[in-house]
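The next block holds one structure in the form of structure tokens; read it before the comments.
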Amino acid sequence: IVEKNALCTSDNMGCTAFGHPTLDASKNIRSFETVYLKDQPDSHATIMCGNSDLFCSEYTTVEGTTAYFKDPGAQTCSYKRLGGQTAYHWYITGTSILCPTVTPPQSGVPVGHACVRVCKGGNRDGLACVADLDCPSGSCTGDQAVVGKTCVVDSECSGGTKCDSWTGLCPEEQSGCNEYRDPTDPSPCRSTCGLEIANGKDVYVDASCKPTICLGGPRDGAACQVDSDCPGTCMGGLYAGNNIACSYSSQCGPGATCSAAMCSGEGIPGCQSYYYIKQSVEKNATSCNGVIDLSVGCRPFNDTSNSLLNYRAF
């Protein structure tokens, strides 16, 4: 029976009740809220999105351009200093729990979409962790060497880790804050890697930004720059422990050579990093007219937001 109070106007055609999920910090569905949306099959081809696009949202940058990122929901990290501490660290927002961070070359940065260690047992069972302190009544498990590996699904993570996503937040006034590396400090240095200091000395790294260490011999596991520092073979993270045999250097990968039938890589420090608001840097850079002139302060820097490296500093 057609009743007047059940009729709707043509512009509301397809209006249907749907269940909008309420998610927890791990994006697991906990409940549903009723929402009303227009479900018009003729428009499905243009309004439907795939599973891989879930949580994708539109954002506007400080330059006024449009960017698309996945909404991190509650999985965010804040950079702060806890009471009684002198150093700043990334913590899960609203807590004193350390946020999962990437291994080099982005040491200390929230993981994004990558493999993380997880709590086993306790009230944070199955959630991301960095150390046992993050897992009350439980322990933090998973292979640390896998942490930071880019992933989409859990099956791409090994060693007891899982695929998770954590995003670092910054105050609005710091929007556009960017890392710049001085390719001449120290000289030489790898501008694709940030400078790390250990015991007051520069840490030598290979092309993957992993520390170079001696493999075998009396200084096994000690830091090194070249084979003669060992004696033996000086190898970086790409090659150390893998026992990769070789006949010529092209078998070893970037930044490595074939030495004593084993792949090895010369260690070079990363470059000193500086952090500035990108808009202010680009505004001031116009006065250099694209010319490097150290006498007037026009210096070359590696803009880490731009993966294209097309200049040398020497």
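Just so it is clear, none of the values below were taken in a lab; they were calculated from the coordinates. Quantities reported herein were computed from a predicted structural model and do not represent experimental measurements. Cβ: placed from backbone, ideal geometry, glycine included. Neighbour counts: every protein chain shown.
Points worth noting:
- When Phe69, Phe301 are sorted by how many other C-beta atoms sit within 10 angstrom of their C-beta, beginning with the fewest, the order is Phe69, Phe301.
- Cut-off under 5 Å, modelled amide H: who pairs with Cys151 long-range: Ala114, Cys115
- Approximate spin-label separation Ser139-Arg219, in nm, with each point projected 7 Å along Cα-to-Cβ: 3.5
- In angstrom, the C-alpha Rg and Dmax of the chain are 25.3, 92.
- Average Cα contact separation per residue, the chain, under 8 Å, 6 or more apart, as relative contact order %: 12
- Which of Met48, Met235 has the fewest Cβ neighbours within 10 Å, and the rest in rising order: Met48, Met235
- Each of Leu294 and Asn12 was given a label point 7 Å from its Cα along the Cα-to-Cβ line. The distance between the two points is 7.3 nm.
- For Gly216, the residues whose modelled amide H falls within less than 5 Å of its own, excluding neighbours fewer than 5 places apart on the same chain, are Gly221.
- Shown for Thr93, Thr304, Thr286: other C-beta atoms within 10 Å of each C-beta, ranked fewest to most, produce the order Thr286, Thr304, Thr93.
- Taking the Kirkwood radius as Rh and the Cα radius of gyration as Rg, segment 1-77 has a ratio of Rg/Rh equal to 1.09.
- Residue among Leu294, Leu215, Leu98 with the largest mean-square fluctuation in a Gaussian network model of the chain, springs linking Cα atoms under 10 Å: Leu294
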